[in-house]
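K.L.:
What follows is a structure written as structure tokens; I'll ask about it next.
Quick note: the coordinates plus some simple rules give every number you see, no bench work behind them. Worth saying up front: this structure is predicted, and the values here are computed from it rather than measured. Methodologically, a virtual Cβ is constructed for each residue, glycine included, from the backbone with ideal geometry; neighbour enumeration extends over all protein chains shown.
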Amino acid sequence: MNGQREGVEEQERRILECIRDFIQERGYPPTVRDIARELGISSTSVVDYHLKRLERAKWIERDPRSSRGIRLTAAGARGLGLGEIISVPLLGDIAAGEPIPVPSSDFSLLGVEETIELTRSIVGDPRDLYALRVRGNSMIDAMIHDGDIVIMRPTPSVENGEMAAVWLEDREETTLKRVYWEGGRVRLQPANPTMAPIYVDDPRQVKIQGKVVMVIRQVR
């Protein structure tokens, strides 16, 4: 611990580092049970006791409405060498497989309760970023599996071969694919040799909602 963390007990230091590592690996905070399991602490009440001390010391914040409501404060993040913590809204699911029908408000910020915790050093410019949970395995050769999280940056267009969230306007369906503009049609290419591409003959029906800038892989 450096001078900025004087008075924090060894167990609390370990808990802070556990929160840091958990967020970096998974993109969301641990629960009390997660911390107990990661550190080999037999009692969740012991973890809760130290979390309350860390909260009083302003190293963390806790939302009592969420089991994953633990957040490192700016002071806590700086003390652990993380830099600023960025909360990216998790807006819902996206299909990496056959397109699935979703309401046009699927990517609205209204009512967002879940967020993904990242550091500014990882994401760079955090403006307008949003996260989607992947459903399906059409992008497994791009190392994106069912249940993973993709971090998206809004953009109305992408270059050939870039991975994007695509809204198929005539079908009212959304999908995650690599996009190829091929003259008068668009090819939406999966990264799975067992799956066929989707061809859209009218490019006007393809609306790019954002491109993938980062993948957070879930522990399996």
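K.L.:
Which length gain, in nm to one decimal place, applies between LYS207 and ASP125 when the Cα-Cα distance is subtracted from 0.36 nm times their residue separation?
P.N.:
Gain on extension, LYS207 to ASP125, equals 27.2 nm.
K.L.:
Determine ³J(HN,Hα), in whole Hz, for all residues of region 167-172 in sequence, where each value follows from phi through the Karplus function 6.51 cos²θ - 1.76 cosθ + 1.60 and θ = phi - 60°; x replaces Gly and Pro.
P.N.:
Here the 3J(HN,Hα) series is 9, 8, 4, 5, 8, 6 Hz.
K.L.:
If I model a spin label as a point 7 Å beyond the Cα along the Cα-Cβ vector, how far apart are those points for ALA57 and ASP21 in nm?
P.N.:
Result for the modelled spin labels: 1.8 nm.
K.L.:
Another question about this same structure. What is the set of long-range amide H partners of GLU162 at a cut-off below 5 Å, with H atoms built 1.01 Å from backbone N?
P.N.:
VAL179
K.L.:
A further question follows. Between MET143 and GLU169, what FRET efficiency comes out of the Förster formula 1/(1 + (r/R0)^6) with R0 = 30 Å and r the beta carbon distance, rounded to 0.05?
P.N.:
Step by step, r from the Cβ atoms, then E = 0.55.
K.L.:
If amide hydrogens are placed 1.01 Å from N in the peptide plane, which non-local residues have theirs closer than 5 Å to the one on ASP148?
P.N.:
Sorted by chain and number, the residues that satisfy this are VAL134, GLN218.
K.L.:
Taking amide H atoms as placed 1.01 Å from N in the peptide plane, list the residues 5 or more away in sequence, or in a different chain, whose amide H sits under 5 Å from that of GLY210.
P.N.:
Placed amide hydrogens put THR155, ALA165 under 5 Å from GLY210.
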